[in-house]
Amino acid sequence: MTNFSSPLPRLTPLIAISLLLITILAACGKKGPVRPELAALPAAPTQLQIAQQGEDFLLSWTIPTHNEDGKPAEDLLGFHIYRLIYNAADGCPTCRDPDELVAVIALAHPDPAVRLGKRLYWRDEAVVPGTGHAYLVVPVTVGGHEGSSAGTYRAWLRPPPAPASLQTEAGDQQVRLTWTPPAALADGQQLLGYNLYRRPASGAFPPVALNAEPLREPLLTDLVGEAGREAVYRVTTLVRSGELVIESAPSPEATVAPQGAR
């Protein structure tokens, strides 16, 4: 009996290398776990402003609603505020970024800031007179990541005197207020007018005045709401010094309750 056998083909080195490459490429094509995409960071705050009220600086800005990629800023948690104090006479407020963390603001509970609509207001009560202050306002996400910042700076100037003798007269659902202008202003200060503030008897004064524009005359009739409910007032002086507007510290408060309609 004759036995027949088919000899196995021998792989040449070129064929072996080709098969190895095919195996590697096939393995590379396999799908593994999808890596999570990094979340976009919030856009920078807009309309950042700084005002001097008495000895303090008041910062205000508009809360960003979108991330840097244009998507809604759903992870926005709050803001970090950084400060730099510089020599107002010959210092450089933009030579380095502010790096002193002076406030952490949470959107859920903004204190020590105040939220009015889409804007936040924060008061720096530790201003060093005679110096310049630069600030960065940085949005922060739920994961603690900081987004794009907005910056501003200004020099501290001596504020004008506050008005005196704030008087109130209750009327039919209104209050008439008068006050005495400051006796004298410092050289270089030009009187712009006055700001009037009102709060409920059990609340705090808002950071913005009742009047949208400076009051030219030392009087105002305030059309308030419910008769018999007490309101508390105070008034400030507004001046211009060079290119800067400065507001005085507030006057002593005056409390009054409007009368009902007769």
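The values are calculated or read from the model by the stated rules, or taken from the named source; none is laboratory data. Keep in mind that what you see is a predicted model, and the values were worked out from it rather than measured. Ideal geometry is used to build each Cβ from the backbone, glycine not excepted, and the neighbour counts take in all protein chains shown. Heavy atoms of the whole protein, side chains included, go into the accessibility calculation; ligands, DNA and RNA do not. Shrake-Rupley method; radii C 1.70, N 1.55, O 1.52, S 1.80 Å.
In what sequence, highest mean first, do 85-92, 117-124 appear when ranked by Cβ atoms within 10 angstrom?
117-124, 85-92
Taking θ = phi - 60°, what integer Hz values does the Karplus form 6.51 cos²θ - 1.76 cosθ + 1.60 yield along region 108-116, in sequence order, with x for Gly and Pro?
After applying 6.51 cos²θ - 1.76 cosθ + 1.60, I find 5, 9, x, 3, x, 8, 10, 9, 10 Hz.
Counting only residues 5 or more places away or on other chains, whose amide H sits under 5 Å from the amide H of G54 once H atoms are built in the peptide plane?
E247, S248, A249
Ranked highest first by average number of other Cβ atoms within 10 Å, how do 181-189, 144-152 line up?
144-152, 181-189
Starting from the Cα of E217, step 7 Å along the direction of its Cβ; do the same at E243; then give the gap between the two resulting points in nm.
Those two pseudo-labels are separated by 3.5 nm.
For L116, what accessible area in Å² do you get when you roll a 1.4 Å probe over the heavy atoms of the protein chains, rounding to the nearest 10?
70
For I50, what accessible surface area do you get with a 1.4 Å probe? Give it in Å², rounded to 10.
Here the accessible area works out near 30 Å².
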